[in-house]
Structures are given as C-alpha cells and as structure tokens.
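Every number here is computed from the coordinates shown, using simple stated rules; none is lab data. Since this is a predicted model, take the numbers as computed values, not measurements. In this analysis, Cβ positions are derived from the backbone assuming ideal geometry, glycine residues included, and neighbour counts consider all displayed protein chains.
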Amino acid sequence: MVRVDDVDVHHDRARLGSARILHPPTDYPYGERQYEVEDVAGHRWTFSQTISDVAPEEWGGESKINNQ
C-alpha cells in the first residue's frame, strides 16, 4: 500500500501509463479513498488517500486500549 496526496490524479496518470487498473478509486467507510493496479511485472499495488478521520466503531471496527 502506498499513500498518495490525491488518488484521482494518481489514478489518471496510472491509467494513461501501462498499469492495469484492477479496482477504480473508491471511498471506504474507514475514511480512505483507494484504487488498485497491476504493473507490467504483475505486481499489485494499492494507492490510498485519507479523506476523513473515522473512529473504528463507526465502520464496524473496534478500538483496542492496552491496559498493561
């Protein structure tokens, strides 16, 4: 996974290049916008941009507090 400033701009550049788009840019409930590509060597890459700060409980996750 690679963090980028703007998933849509990055996606557009990848699409114009030789990358094969596996999943287009998509917003996820945990506050990320991501897309996935496969490069010419067959490696899969996920590019991600934070679009909001979401508590895990808001999307079905849970926060862990270490009380040790």
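Worth pointing out:
- Degrees, to the nearest 10: 7-16 long Cα axis against longest axis of the chain: 20 degrees
- Stokes-Einstein D (µm²/s) once Rh is taken as the Kirkwood radius of the stretch 2-54 over alpha-carbon pairs, at 37 °C in 0.692 mPa s: 295 µm²/s
- Surrounding net charge for H43, when Lys and Arg each add one and Asp and Glu each subtract one, Cβ distance under 14 Å: -1
- Inter-label distance, nm, simple model (7 Å from Cα along the C-beta direction), D53/V9: 2.3 nm
- Sequence-separation-based contact order of the chain, relative, with Cα cut under 8 Å and 6+ spacing, percent: 30 percent
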